[in-house]
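Remarks on the structure that follows.
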Amino acid sequence: MRTWGPTTMLEIRGLRVRFGSFDALSGVSLDVRHGEIVVLLGANGAGKSTLFRAISGLHPAVGGAIRLEGEDITSWTAHRLVAAGIAHAPEGKHLFPEASVTKNLRLGAYVQRKAPDVVRQTMDEVFELFPALRDKEHDAAGTLSGGQQQMLAIGRALMARPRLLLLDEPSLGLAPLVVEEVFESILRINQGGTSVLLAEQNAHAALKVAHRGYVMEEGRVVLEGDQDDLMGNEEVRRAYIGV
Ligand SMILES: Nc1ncnc2c1ncn2[C@@H]1O[C@H](COP(=O)(O)OP(=O)(O)OP(=O)(O)O)[C@@H](O)[C@H]1O
Ligand SMILES: [Mg+2]
């Protein structure tokens, strides 16, 4: 059995989430260690977003446990989880399209609202990471390109100064060059010390940056391995890389 220790950031054991009589997650276990980028692969409906929403306190668990650095956070509220260092850039971005770029970013800084200096400094860091956002800081989010909106969604999550960043399908609907840009920014975020759990259907792009990964099917983890294991796995290549 795998053990966990001080190097484990997030530990999930036997996590179960139900919608009515449907088991959306039926006993998911995975780890994210400090400093890692971990990718979660899986087809439509596998349960990736459900897992992210459960980690973020948006779906209650009916079984199992989630621990952050050894502390049981399974039943914590979404707000408390953000304050503890977990931020989530959800699938589909969920920006406020009428609000400006800076307003959207400020909404991500809710937990820092009593420290305006920290908010300003963090926004500067986000603009350094995504210079295109600085150029458009007063524009409505809805007028940005798809890639810029994704950067804004990631930037908004970073405004909470997370230790663990959950990114749900950041490459969805983006052109290949923009996907590359987004993944480069994920690498830079990680190099700055933030652990990342990433759900992706673009396995090729994700496995280039991820240290390790898990494959989910129908609410279960069916495969796990490091970057090379998954890259070289026949099933992964056939199902998610298409070669
Ligand atoms: N709020 C909900 N109520 C009922 N069923 C739900 C709810 N959210 C998700 N589901 C179901 O749970 C299963 C897992 O969905 P989920 O969105 O987690 O998959 P996913 O792996 O993120 O898929 P995708 O790649 O399409 O984003 C699906 O069968 C989905 O229909
Ligand atoms: Mg999803």
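Since every read-out is calculated from the coordinates, none of them should be taken as a lab result. Since this is a predicted model, take the numbers as computed values, not measurements. All Cβ positions, even for glycine, are placed from backbone atoms using ideal geometry, and neighbour counts span all protein chains on display.
Tabulated data
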| item | result |
| --- | --- |
| Under 5 Å, built H, 5+ apart or other chain: amide partners of Leu223 | Val215 |
| Under-5 Å amide H pairs with Ala24, H placed in peptide plane, nonlocal only | Val17, Arg18, Phe19 |
| Estimated dipole of the range 113-243 in Debye, rounded to 20 [Cβ of Lys and Arg +1, of Asp and Glu -1, Cα centre] | 520 debye |
| Projected label distance in nm at His204 and Asp226, using a 7 Å step from Cα toward the beta-carbon | 2.5 nm |
| Counting DSSP beta bridges with both ends in the chain, the antiparallel % (nearest 5) | 55 percent |
| Computed helical MRE - 222 nm, the chain, DSSP H runs ≥ 4 contributing -39500 (n - 2.57), nearest 500 | -10000 deg cm²/dmol |
| Amide H partners (placed H, <5 Å) of Gly42, local residues excluded | Glu200, Met216 |
| Partner lysines for Lys103 [C-alpha distance under 17 Å; skip if fewer than 8 residues away on the same chain] | Lys93, Lys114, Lys136 |
| Two-site FRET efficiency, Ala115 against Leu172, from Cβ-Cβ distance with R₀ of 35 Å, rounded to 0.05 | 0.60 |
